[in-house]
Amino acid sequence: MGYSLGGLVSRYAVGILHSQKFFERVTPVNFTTMATPHIGLLRYPTWIGSIKNTLGPIFLSRTGKHFFAADNWSNGKSLLEVMSEKDGIFYQGLTKFKNINIYANA
């Protein structure tokens, strides 16, 4: 189970394990995240939003760049975008789980 950033780290780890064929030897059952920004942080078209979107990646370092999709992880795409591609290792790794539970804040 991953909470917030831990959920993203869990998804990343699942993709790496999948690429190394780990799930051919082990059957995954439950994947659960809580309050994880799977699509990154929302961008609001306000002056506060533009300040947040500019300063967030700077002050939060690498994590901030990932959260705000301001990184260039692969071929001009952010890591979160790459992790959401249906034919990629991160998404395909998740399909190996019997149960996927994603709990969000409202």
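Computed from the coordinates by the stated procedures, all read-outs in this text should not be read as laboratory data. What you see is a predicted model; the values in this text were computed from it and never measured. Virtual Cβ from ideal backbone geometry, glycine too; neighbours counted across all protein chains shown.
Please list, by residue number, every one of the trypsin sites (Lys or Arg not before Pro) in the range 15-89 that is coil in DSSP and has at most 10 other beta-carbon atoms within 10 Å.
When the trypsin sites (Lys or Arg not before Pro) of the range 15-89 are filtered for loop state and at most 10 Cβ neighbours within 10 Å, 21, 25, 86 remain.
In debye, nearest 20: dipole of the chain around its Cα centre with unit charges on the Cβ of K, R (+) and D, E (-)? Can you show the working numbers first?
Details: 11 positive and 5 negative charges, 21 e Å.
Taking the Cα centre of the chain as origin, the dipole is about 100 debye.
I need to check one value: relative contact order of the chain, counting alpha carbon pairs closer than 8 Å and at least 6 residues apart, in percent.
Working: 151 pairs, mean separation 38.3, N = 106.
36 percent.
Please provide three numbers in whole Å: the alpha-carbon extents of the chain along the principal axes, with the largest listed first.
Over the chain, Cα extents along the principal axes are 50, 33, 21 Å.
Starting from the Cα of residue 58, step 7 Å toward the Cβ, then list every residue of the range 69-104 with an amide N under 16 Å from that point.
70-71
Mind checking the angle between helix 47-59 and the chain's longest principal axis? C-alpha axes, 0 to 90 degrees, to the nearest 10.
Tilt relative to the chain: about 60 degrees.
Percent antiparallel among DSSP beta bridges with both residues in the chain, to the nearest 5? Intermediate values should be presented prior to the final figure.
Numbers: 1 of 8 bridges.
Looking only at bridges with both residues in the chain, the antiparallel portion is about 10 percent.
Mind telling me which of 41, 79, 60 comes out most flexible in a GNM of the chain, alpha-carbon contacts under 10 Å?
60
If you consider only alpha-carbon coordinates, what radius of gyration and Dmax does the range 1-46 have, in Å?
13.6, 50
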